[in-house]
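Engineer: One structure is given below, represented as structure tokens, and several questions about it will come after.
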Amino acid sequence: MSFVIVASAGLMSLLTLQGCGNAGDTTTTTTPGGGTKTSPENCIRLCGELKAEGCCKYADTSTCWWSAHSAVDGSSSISEKAAVANCRATGLCDGWNWGKDCPGPFEPLPPSPTPSPTPPGPPKRWKLVWSDGFDNCPNGRPDPTNWGYEHGYVRNKEQQWYQEDNAECDNGNLVITAKKEQPAEDKSYHYTSSSLLSQGKRQFKHGKYEMRAKIPVDKGAWPAFWVRGADTKLEWPTDGEVDIMEYYQGKVLANFIYGKDWSSTVFNSKTFPVNQSWADQFHVWAMEWDAEEMKISVDGKLVNSMKVAAADLPGVVNPWREFQVYMMVNLAIGGDNGGDPSGTVFPLHLYVDNISFYEQMPDTAMVVM
């Protein structure tokens, strides 16, 4: 075991001034286990090569040790087969003081080898299971075999009214348009938009969920691509939520949300700032999910991760062990997090090039392109 001294400048000075430690203390310092067997001559050579102030120790186990900013304690008493020596920054060490000790703590010489890092496993390979590139759009609308819709007011004090008419396919993209208008169904709302969900249509479990999209970052915009537990008969947050893409007020978020108990919520959230120049480009959001871990990335860079076991809590179902999930993509306005949209020029557009789901292939499988 290696020991590292962490001390303030004042403590370092005190150790230096005291030199041989507390003259009234005859307690010996216990030598840590470990170390490499060597000779006294080689031990003092190793200590000198450090070119540092400290104490060199040859233990009765024929191993060599070093204690930085320490010095020989003349009043100490240890095995006659052990010795210590004061060493200088010049690289010179005094002769051995047999049967004496230094206050320590000590680290072995030569230093314990640093374990080689575990080599990364082979890169994951994925098989495309399902994808919507928004090229097959009956009557210019998203394919109803893939997507349904939320309707009206839904959550979070948001200011938009959700309706199907604000989602269309254009040039191979899903385009969700947020408009400043009063919906025919409820004139108390002043914005309309769309929220699509694959519930009961496209539901998956372990694999990679991916979306290529260009998001609006205007004030009041709150776009999201997220998944929730399917067929759970549970309310939020106990059904589990993963925000693969979420944006509001200048930052992109990557969130894992679940029920710690029936009355509180656990948020595992990471963010990074973006600007209009960044938002003018398409980006790729992805979540990789297996039995052990979930990872959210943007443009191939890891943003947030969570061990599935973190949601193994007493009396609460772990949604990421029990259930499939369904996908949602929406453009909300205002509400708890979106910000005040009153000064924003509308319409706003969320462009989605594709949404896909992949399953991981066994290492021995061949990928057919």
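Engineer: About the Cα centre, and with charges only on the beta carbon of Lys, Arg (+1) and Asp, Glu (-1), how big is the dipole of the chain? Nearest 20 debye, please.
Structural biologist: Using Cβ point charges on Lys, Arg, Asp and Glu, the chain gives about 620 debye.
Engineer: Oh, and also: Can you tell me the orientation of helix 40-49 relative to the chain, as the angle in degrees between its alpha-carbon axis and the longest Cα principal axis, to the nearest 10?
Structural biologist: Rounded to the nearest ten degrees, it is 50.
Engineer: Per residue of region 192-208, what does 6.51 cos²θ - 1.76 cosθ + 1.60 with θ = phi - 60° give for ³J(HN,Hα)? Whole Hz please, x for Gly and Pro, Karplus curve as stated.
Structural biologist: 10, 6, 9, 9, 9, 9, 9, 4, x, 10, 10, 10, 9, 10, 5, x, 10
Engineer: Would you please classify the overall shape of region 223-369 from the alpha carbon gyration tensor, given that a ≥ b ≥ c denote the square roots of the eigenvalues, rounded means a/c under 1.5, and beyond that prolate means a/b larger than b/c while oblate covers the rest?
Structural biologist: Working: a/c = 2.02, a/b = 1.22, b/c = 1.66.
In terms of gyration-tensor shape, oblate.
Engineer: Report the relative contact order of the chain, percent, no decimals, based on alpha-carbon pairs under 8 angstrom and at least 6 residues apart.
Structural biologist: Details: 901 pairs, mean separation 64.0, N = 369.
With pairs under 8 Å counted, the relative contact order is 17 percent.
Engineer: Would you tell me the accessible area of Glu41, worked out with a 1.4 angstrom probe on the heavy atoms of the protein chains, in Å² to the nearest 10?
Structural biologist: Near enough 130 Å² of accessible area.
Engineer: Something else: Once Lys and Arg get +1 and Asp and Glu get -1 on their Cβ, which of Pro108, Gly300, Thr232 lies farthest toward the positive end of the dipole of the chain?
Structural biologist: So the residue we want is Pro108.
Engineer: Also, I was wondering about something else. Name the residue farthest towards the positive end of the dipole of the chain from the options Trp126, Gly140, Ala178, assuming +1 on Cβ of Lys and Arg, -1 on Cβ of Asp and Glu, about the Cα centre.
Structural biologist: Farthest towards the positive pole: Trp126.
Engineer: Can I ask one more? Starting from the Cα gyration tensor of region 236-319, take the square roots of the eigenvalues, sort them a ≥ b ≥ c, and report rounded, prolate or oblate (rounded when a/c is under 1.5, otherwise prolate if a/b is larger than b/c, else oblate).
Structural biologist: It is prolate, given that a/c is not under 1.5 and a/b is the larger ratio.
Engineer: So what is the relative contact order for region 211-369, in percent, with contacts set as C-alpha pairs under 8 Å and at least six apart?
Structural biologist: Working: 328 pairs, mean separation 50.9, N = 159.
Computed over region 211-369, the figure is 32 percent.
Engineer: Here is a further query. May I ask you to list the aspartates and glutamates whose Cα is less than 15 Å away from that of Lys37, ignoring any residue fewer than eight positions away on the same chain?
Structural biologist: Asp60, Glu107
Engineer: If you line up the long axis of helix 9-18 against the longest principal axis of the chain, both from Cα atoms, how many degrees apart are they, to the nearest 10?
Structural biologist: The two axes meet at around 10 degrees.
The values are calculated or read from the model by the stated rules, or taken from the named source; none is laboratory data. Given the structure is predicted, the values throughout are model-derived calculations rather than measurements. As a convention, Cβ positions derive from the backbone with ideal geometry for all residues, glycine included, and neighbour counts pool all protein chains shown. Areas reflect the complete protein model, heavy atoms only, side chains present, ligands, DNA and RNA absent. Shrake-Rupley method; radii C 1.70, N 1.55, O 1.52, S 1.80 Å.
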